[in-house]
Amino acid sequence: MANLKESSFWEEGIYQWETSDPVLGGENGIDNVPTRQLANRTKWLKDNKLDKSATAASADLAKKAQVADKLSKARNVGGVAFDGSADINLPGVNKPGNQDTSGNAATASYAAQIAARKIGGVIFNAKTDIDLPGVNIKGNQDTSGNAATATKLQAACKIGDVQFDGTADIDLPGVNKPGNQNTSGNAATASYAAQIAARKIGGVIFNAKTDIDLPGVNIKGNQDTSGNAATATRLQTICTINGVPFDGNTNINTTPAGAVQFFAMDTAPVGWLKANGAALSRTTYANLFAAIGTRFGEGDGSTTFNLPDLRGLFLRGWDDGRGLDKNRELGSWQIDGTISDKDKDKDKVIIHRSIGYSNEYNNKVLIEQNNLKQETMYKTNMASTAAFGSERPIDLNRQSEVRPLNVALLACIKI
């Protein structure tokens, strides 16, 4: 005895045997129809987790959920509400001859006349085929100009003096025949040079067949760097430039830091600063600080120092123990000095010039003022001897300072 096959399906009704029904066994026999329907309902109930006490209304609702004919929430399709219960009509769609083809359509069958274009001078709107002169007619194609798929060159050229138009292979003398290639001259793929072409490198024969060893070369730490090297980082022999040693390894400064020089311009040149007493960084200008220190000012006492201020001043050589300008320190400042006399009428200076001679001096000047006489010796020759032995009174032109003729230049200091 075989079991009936069950399907998970809710049967709307159970078949009733009629008196006229023939008795027919088997899986699909009439006598098994009610049994199979009941079995299908039972399996459906099990699959949907409904107990046997479920009402017919609940079972009917569950069945409809499997084959719903309406959406619980309508959706918009092309702006038209659709819940699946009925067909909808979209503007210009689903009505033959009424489709809206304005704008660009991916499936357009031809372009509107306004959008038609010319191809090879022929109007084309994709509605019908067009015929281009010399195109699509076998044997009549126009191949003038360059064609990427050309089988023949319009004008044949020569390769190794052999005519070539691309229609057939050509044979070049000594080429394409194994063992017969002509390698005379230069060959890009030559593995070594013939002995006749070999050259010497550093006195060693080299024909590219094998590596060579050059004395002092290719051995780390033993390279011979004698002579001139384009990439040398320093000179083999140190030379001096303006007394400063130079081997090319670092820059040198031929004018030492701290040197003072006058310039006929109002700005300091590169490498120089105005000697104006400014405070500078001791680290930024380390070379200059090492040269002059705080002789002209300590700056803030820790991070800066001062430049000498030479504006408006004459320079005087440091006495350095000679005794003409005693007790002066290098870099010290001195006020000016003038002749002073309360009685202006007596302000007369008489210079007595006389000829004298000694091994050291050859001129003597006697200055007399207010009955005080002072004899001074000069090394320099006087420009004129006509007044020697005579007296010449000189009126002093009093000013706030004593100064000679002068010119103002910019004093700078080397950094």
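Sort out which residues of region 311-327 are basic (Lys, Arg) and either under 43 Å from the mean Cα position of the chain (by Cα) or more than 18 Å from Leu273 (Cα to Cα) (or both), and write them in order of number.
Passing the criteria: Arg316, Arg322, Lys326.
Collect the residues in region 235-251 that are farther than 12 Å from Gly271 by Cβ, part of a loop (DSSP other than H, G, I, E, B) and not small (Gly, Ala, Ser), keeping them in residue-number order.
Scanning region 235-251 gives Leu235, Gln236, Thr237, Ile238, Asn242, Asp247, Asn249, Thr250.
From (1) of a type in the set (D, E, K, R); (2) closer than 21 Å to Val407 by Cα; (3) touching a strand residue (DSSP E or B) at 6+ places or on another chain (Cβ under 9 Å), pick out the condition that doesn't hold for Arg316.
Tallying (1) of a type in the set (D, E, K, R); (2) closer than 21 Å to Val407 by Cα; (3) touching a strand residue (DSSP E or B) at 6+ places or on another chain (Cβ under 9 Å), Arg316 fails exactly one: (3).
Within region 22-54, restricting attention to residues that are modelled with pLDDT under 80 and among the charged types (D, E, K, R), which residue is least open to solvent (accessible area, probe 1.4 Å)?
Asp31
Just to be sure I understand, how many residues within region 252-310 are under 42 Å from the mean Cα position of the chain (by Cα), farther than 22 Å from Asn406 by Cα, crowded, with 17+ Cβ neighbours inside 10 Å and touching a residue at least 24 places away in the same chain (Cβ under 8 Å)?
Final tally of qualifying residues: 10.
Open to solvent by 60 Å² or more (accessible area, probe 1.4 Å), modelled with pLDDT under 80 and among the basic types (Lys, Arg) - does that describe any residue in region 114-122?
No, every residue in region 114-122 fails to be open to solvent by 60 Å² or more (accessible area, probe 1.4 Å), modelled with pLDDT under 80 and among the basic types (Lys, Arg).
On the basis of being surrounded by 10 or more Cβ atoms within 10 Å (Cβ to Cβ) and more than 24 Å from Leu315 (Cβ to Cβ), does Val244 make the cut?
The answer is yes for Val244.
So if I check each of Ala74, Ala81, Ala62, Ala86, which one is modelled with pLDDT under 80 and open to solvent by less than 90 Å² (accessible area, probe 1.4 Å)?
After ruling out the rest, the residue left standing is Ala62.
Identify all residues within region 239-255 that are farther than 20 Å from Lys414 by Cα and hydrophobic (A, V, I, L, M, F, W, C); write none if there are none.
Cys239
The values are calculated or read from the model by the stated rules, or taken from the named source; none is laboratory data. Bear in mind that the values here come from a model prediction, so they are computed numbers and not experimental data. With ideal geometry, Cβ positions are generated from the backbone for all residues, glycine too; neighbour counts draw on all protein chains shown. Heads up: the accessible areas ignore ligands, DNA and RNA and are worked out on the full protein's heavy atoms, side chains in. Shrake-Rupley method; radii C 1.70, N 1.55, O 1.52, S 1.80 Å.
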